[in-house]
Amino acid sequence: ACGRRPTPPPPQARMLGAQTQLRAAALSRPAAARPAARATLRAAPRRDVAVCARVAGVDIPNNKRVEVALTYVYGVGPTKAKDILAVTGVENKRVRELSEDELTLLRNELADTDKHMLEGDLRRVRLGNVKRLIDTQCYRGKRHQNNLPCRGQKTKTNARQRKGKKVAIAGKKKAPTAR
């Protein structure tokens, strides 16, 4: 073993995954050792944990903290999420650690339409505002209509978000410089 490299495994063994190699090794053992080897290869039983909690008609992720998970609801940002936690008195812990009572508190707070405009209602109001601007044919409405920025930004070089991908114009080349 001094200075010698071990021989590489055959190509078939290299392509097999670690689980397959373990199974092959377990099956090559004597029959008395096989049942114990097979028992170690089984996957651990899965716990019955809900994948997501449902709040305001949106599935919020279980593995994130409540403050971050609430921002998955359209119309709730970081500031509003902090305010909701302060009003309800719910501790900022992982969603999976919340009790059913705490989830109910959050659902009731977000369901209060007098305080919070969320999801479909908010989208409808925003689209209605843009449609009103377009119908009145004001400057901002025309900019929305043409998919251009409407808050005074320059469009010669930037505004790619609104204008979309660059389109090459045929025949437009820079003039050669004189030497």
- [ ] Starting from the Cα of Asp83, step 7 Å along the direction of its Cβ; do the same at Arg132; then give the gap between the two resulting points in nm.
- [x] 2.1
Open item on the list: How much length would be gained if the chain were fully extended between Lys115 and Tyr139, taking 0.36 nm per residue of separation minus their Cα-Cα distance, in nm to one decimal?
Closed with: 5.4 nm
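Which of the residue pairs Lys142/Lys163; Lys82/Lys115; Lys64/Lys163 have a Cα-Cα distance greater than 24 Å in the structure shown? If you can, show how the numbers build up before the last one.
Values: Lys142/Lys163 14 Å; Lys82/Lys115 14 Å; Lys64/Lys163 35 Å.
Going by Cα-Cα distance, Lys64/Lys163 fall outside the 24 Å limit.
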TODO: Mind listing the long-range amide H neighbours of Ala53? Cut-off is under 5 Å, sequence gap 5 or more, other chains count too, H placed in the peptide plane at 1.01 Å from N.
DONE: Ile60, Asn62
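Let me check I've understood the local charge: for Arg107, count other residues with C-beta under 12 angstrom from its C-beta, Lys and Arg +1, Asp and Glu -1. What total comes out?
Details: positive: Arg54; negative: Glu100, Asp101, Glu102, Glu109, Asp112.
Counting the neighbours of Arg107, the net charge comes to -4.
Give the shape of the stretch 46-179 as rounded, prolate or oblate, defined through the alpha-carbon gyration tensor: a ≥ b ≥ c are the square roots of its eigenvalues, a/c under 1.5 means rounded, and otherwise the shape is prolate if a/b is larger than b/c and oblate if not.
Values: a/c = 3.56, a/b = 2.11, b/c = 1.69.
In terms of gyration-tensor shape, prolate.
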Task: Residues in the stretch 136-153 reached by a label modelled at Lys165 [backbone nitrogen below 20 Å; 7 Å Cα→Cβ] - done: 147-148
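Computed from the coordinates by the stated procedures, all read-outs in this text should not be read as laboratory data. Note that the structure is predicted; figures quoted are calculated from it, not measured. Note that we place each Cβ from the backbone using ideal geometry, even for glycine, and neighbour counts take in every protein chain shown.
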